[in-house]
2 protein chains.
Amino acid sequence: MSAITLDEARALDKRDVLAPWREAFILPQGVIYLDGNSLGPLPRTTPARLAQVVEREWGCGLIRSWTDAGWLEAQTRIGGKIARLLGAAPEEVVVADSTSINLFKLMVAGARLRPGRRTILIEAGDFPTDRHMAEAAARVLPGGRVAAVAREALVDAIDADTALVVLCHVHYRSGARHGMAAMNAAAHAAGALVLWDLSHSAGAVGLDLSACGADLAVGCGYKFLNGGPGAPAFVYVAAQWHGAIETPLPGWFGHRAPFDFAAAYEGAEGVARFACGTAPVLGLAALESGVDLWLGVDTGAVFAKSAALFAFFAEMAADRCPDLALITPVQAGARGSHISFAHPQASSIMADLVARGIIGDFRPPDILRFGLTPLYLGFEEVWRAVSGLADACEASARNGANHLA
Amino acid sequence: MSAITLDEARALDKRDVLAPWREAFILPQGVIYLDGNSLGPLPRTTPARLAQVVEREWGCGLIRSWTDAGWLEAQTRIGGKIARLLGAAPEEVVVADSTSINLFKLMVAGARLRPGRRTILIEAGDFPTDRHMAEAAARVLPGGRVAAVAREALVDAIDADTALVVLCHVHYRSGARHGMAAMNAAAHAAGALVLWDLSHSAGAVGLDLSACGADLAVGCGYKFLNGGPGAPAFVYVAAQWHGAIETPLPGWFGHRAPFDFAAAYEGAEGVARFACGTAPVLGLAALESGVDLWLGVDTGAVFAKSAALFAFFAEMAADRCPDLALITPVQAGARGSHISFAHPQASSIMADLVARGIIGDFRPPDILRFGLTPLYLGFEEVWRAVSGLADACEASARNGANHLA
């Protein structure tokens, strides 16, 4: 395989129809940012939007802004915008709380739709908070238990005792993506529901929850949606469940009429009942600013460029970094929008890379993870990143040899 | 009773040692703000602090700011600052989620410290979200039930089946304050714990949770702490329970080592395990800015001025607004820092007041509520507010008379 040249990378950037989107973000000089799958960068529109919310809406409007500035509707309004990225109807998505809290809500709510079944089925090695929350949910469900099985054994493990299958759609380490429609069908055939964690999917891969027969999903605002550190998360509940589903965390902002201050809880219409406490207005404003960008984006071009960035990274790494073991599926439809490699010295290699201004993630024990975010990442940057990665791998090998000497 | 004059109000403002604090807030022209107990106003320091977090820490620091800018420690750091206002040790308070979510956490966690007891005892007519969450908590506890009894019957209702007494320390409508030490003692004598909702207490009245033998508490960041709309809330767990208590919502940010990504949940030390999902950095920054103001305040002067503002308001209203029925206890130690009146036309009177630039709250069916916030509210403003209130009451009476005519 002949090495990809810097000129070839630049030529790809010239042909990139998404290149102008980079200007929509404020990125620091001297940094190649391959961690937008952990914390998306700052949209250029966000500082002014936040300043407006803080100085005008909070500072001048004060309490009146709950009604006059649309704060009360923000959770469903932003949910409706996110719905477009999920292939969902606007009334099926609400923004609320964190992904962890939302997992708990939908695990308990989903399992209660299947009374008599005791098992929440999860994938062994999935993101820890998903597992912790499944155990917490099982603890509060009658006879509840968690079964954690390997990816390849999941479908066979769905049985008549399975209330809910809970899966990260795209795996946080490997990037491997589940076939959503097939998994939903397998679960439904056994009478179970599926709850998808879309944290590494929303804004990363094409989604069509409605067409896939999805029941329930949660996802994250601060990764590919660029909503800011610790941004509020989202909840999706398919319309078919709106009549039956109840939230296990019935706070006043999920009430049909919170300002009636009624003692009896009456959930709001549909997914809106999954709001809970007072809406986090500042976090919502930053999230909306990030989500609004997406409304003008050609998502088909995003997902195509994601595939091209992956192919470029993988090919160049195969050539320049022979010590790295690619652990992400090569087929575009079988993965998300990050690329991961295993290496015994992954931790020190990532520290070296970060010192070089190339920011990815280390995930223990041995994973190097790089987010591929087409809105603001170019091919020249990937070329420079893989060059740096090759240098860091070589430096690590030299250090290892010195240690052995 | 002779009417209080505007000159007398101005004289009180001249002697007010807290008067300079008003400059610490940005308040709109033409507004008298008596709703800081619902949404505190904007501290003058907050816009710049938020801009720094957004533009420098998020925009330039990106993912590195979790460690470099202290984001990871923010929840315990701010908790430690709030602890000073609560009479608690720094390691007993953490900031996380919303008051509603935190109520659920501590209701379930507290009741689990008293296995075999089934009852969560609440006060009838307390804030709705507290009741909704008690019902949600009871549903997930073995044999759990909620008993809602009238204020005066609470102590007698604590029995051998009571796991937890959950009370709003200061009532959101009447402003009536429970005797915290006595209630804790009564509950402990019966083997129960008490969970206090301090939403209308923190920053409003003197608190000494340690000296009162308090077990558990939650509270709100966006009222008297001026943390911004929907600010993160706080959790207090007395040190004596740190060894035994478990969170029912074990998210990764409450884990001892979240970045080890271990499948097994191990709670962080003490109250820190009550963090859950990824920390909401923007909301935390605004909250910290509000809380930091409090660190320089003479709280004794605040609570003394609160009492003086109340006496001023009550006396002038008794004189000028004979149709209003004061429903807040007159004794300073028996209430919070708001004053409430009942009036059959409360809703339209408050609408009239707001149109006059005098902002308080209507609480159905018939309550007018006014927050008394000594850091930025002066006696002249209260004088003008009560004058406006008198005019609004008279207008309402005239309209009523016209209706009857």
Restricting to lysines and to Cα separations under 19 Å from B:LYS305, and discarding same-chain partners fewer than 8 apart, the set is B:LYS14, B:LYS223
Taking max minus min of the Cα coordinates of the range A:249-370 on each principal axis, largest first, gives extents in Å of 65, 33, 26
Residue-normalised value, i.e. accessible area per residue, for the range B:227-303 at 1.4 Å probe, in Å², stands at 29 Å²
To the nearest 20 debye, the protein assembly as shown has a Cα-centred charge dipole, built from +1 on Lys and Arg Cβ and -1 on Asp and Glu Cβ, of 320 debye
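In a shell of Cβ-Cβ distance under 10 Å around B:VAL237, excluding B:VAL237 itself, what net charge do Lys and Arg (+1) and Asp and Glu (-1) give?
Working: positive: B:LYS105, B:ARG273; negative: B:GLU91, B:GLU92, B:ASP215.
Result for the local shell: -1.
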One finds the C-alpha centres of the range B:255-314 and the range A:373-405 to be spaced, in Å, by 42 Å
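So if we plug the beta-carbon distance of B:SER348 and A:GLU266 into 1/(1 + (r/R0)^6) with R0 = 41 Å, what FRET efficiency do we get, rounded to 0.05? Please list the in-between numbers first.
Values: r = 26 Å, r/R0 = 0.63.
Efficiency for this residue pair is about 0.95.
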Binned at 5 Å from zero, the C-alpha pair distances of the range A:46-110 give percents of 4, 16, 15, 19, 19, 13, 9, 3, 0
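Remind me, relative contact order of chain A in percent, using alpha carbon pairs under 8 angstrom and six or more residues apart?
Working: 795 pairs, mean separation 87.7, N = 405.
Relative contact order of chain A: 22 percent.
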Rg (one decimal) and Dmax (whole number) from the Cα set of the protein assembly as shown, in Å, equal 27.8, 105
When B and A pair up, the total accessible heavy-atom area removed from solvent (1.4 Å probe), in Å² to nearest 100, is 5900 Å²
Full extension between B:ALA181 and B:THR67 adds, at 0.36 nm per residue less the Cα distance, a length in nm of 37.0 nm
Of the accessible area of the range A:254-405, computed with a 1.4 Å probe and all protein chains kept, carbon and sulfur make up a percent value of 56 percent
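Which FRET efficiency value, to the nearest 0.05, is calculated for B:HIS403 and B:THR5 with the Förster distance at 41 angstrom and r the Cβ-Cβ distance?
On the way: r = 34 Å, r/R0 = 0.83.
With R0 = 41 Å, the Cβ-Cβ based efficiency is 0.75.
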Residues from the range A:200-236 losing no less than 10 square angstrom of accessible surface in the full protein assembly compared with the chain alone, 1.4 angstrom probe, ligands and nucleic acids excluded, are A:TYR222, A:GLY228, A:PRO229, A:GLY230
Label model pair A:LYS14, B:GLU55: point-to-point distance (7 angstrom along the Cα→beta-carbon line) in nm is 3.6 nm
Semi-axes of chain A from the Cα gyration tensor (sqrt of 5 times each eigenvalue, largest first, whole Å) come to 37, 27, 18
Expressed in square angstrom to the nearest 10, the accessible area of B:THR129 with a 1.4 Å probe stands at 10 Å²
Probe 1.4 Å, all chains present, heavy atoms only: B:ARG44 accessible area in Å², nearest 10, is 120 Å²
Losing no less than 40 Å² of accessible area (probe 1.4 Å) relative to the isolated chain, the residues of the range A:243-259 are A:LEU249, A:PRO250, A:TRP252
So, with points 7 Å from each Cα along the Cβ direction, the A:ASP156-A:VAL297 label distance in nm works out to 3.9 nm
In Å, the Kirkwood hydrodynamic radius from C-alpha pairs for the range A:181-323 sits at 17.9 Å
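Could you list the GluC sites (Glu not before Pro) in the range A:235-314 that lie in coil according to DSSP, counting only those with at most 12 other Cβ atoms within 10 Å of their Cβ? Mind showing how you got there, number by number?
Values: sites: A:GLU246, A:GLU266, A:GLU269, A:GLU288; in loops: A:GLU246, A:GLU266, A:GLU269.
Answer in residue order: A:GLU269.
Mean Kyte-Doolittle of at least 1.0 and a Cα length of 15 Å or more along the axis: which whole DSSP H helices of chain A meet both?
Values: long enough: A:74-86 (18 Å, 0.18); A:99-112 (19 Å, 0.77); A:128-139 (17 Å, -1.03); A:281-295 (21 Å, 1.43); A:299-320 (31 Å, 0.83); A:379-404 (37 Å, -0.17).
Long hydrophobic helices here: A:281-295.
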Carbon plus sulfur, as percent of the 1.4 Å-probe accessible area of the range A:25-160, comes to 52 percent
When every protein chain stays in place and a 1.4 Å probe is rolled, B:VAL166, A:VAL354, B:VAL330 sorted by accessible area with the largest first are B:VAL330, A:VAL354, B:VAL166
Among residues of the range A:62-107, a drop of 50 Å² or more in 1.4 Å probe accessible area, assembly relative to the chain on its own, occurs for A:LEU62, A:ILE63, A:ARG64, A:ILE101
Site A:LEU113, offset 7 angstrom along Cα→Cβ, radius 16 Å on amide nitrogen, limited to the range A:251-282, gives A:269-275
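If you roll a 1.4 Å probe over the heavy atoms of the protein chains, what accessible area per residue do you get for the range B:93-207, in Å²? Could the numbers behind the result be given before it?
Working: 3140 Å² over 115 residues.
On a per-residue basis, 27 Å².
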If every Lys and Arg gets +1 and every Asp and Glu gets -1 at its Cβ, then about the Cα centre the range B:1-48 yields a dipole, in debye to the nearest 20, of 140 debye
Neighbours of A:THR373 by Cβ distance under 14 Å: Lys/Arg at +1, Asp/Glu at -1, summed charge 0
For the range A:137-293, averaging the sequence separation of alpha carbon pairs under 8 Å that lie six or more residues apart and dividing by its residue count, the contact order in percent is 16 percent
Expected field for A:MET350, accessible surface area in Å² at 1.4 Å probe radius, rounded to 10, holds 10 Å²
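Please list A:ARG369, A:ARG114 from largest to smallest accessible area, probe radius 1.4 Å, with all protein chains kept in place.
Details: A:ARG369 5, A:ARG114 65 Å².
Reading off the accessible areas and sorting them downward yields A:ARG114, A:ARG369.
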If each part is reduced to its alpha-carbon centroid, the range A:132-178 and the range B:166-216 end up apart, in Å, by 41 Å
Largest fluctuation, A:GLY203, A:GLY267, A:GLY333 only, Gaussian network model of chain A with Cα springs under 10 angstrom, belongs to A:GLY333
Among the Cα-Cα pairs of the range B:322-393, the proportion with separation greater than 16 Å, in percent, is 47 percent
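The values are calculated or read from the model by the stated rules, or taken from the named source; none is laboratory data. Model, not experiment: these values are computed from the prediction. Don't worry about glycine lacking a Cβ; one is built from the backbone with ideal geometry, like all the others, and counts go over all protein chains shown. Side chains included, ligands, DNA and RNA excluded: accessible areas come from the protein's heavy atoms. Shrake-Rupley method; radii C 1.70, N 1.55, O 1.52, S 1.80 Å.
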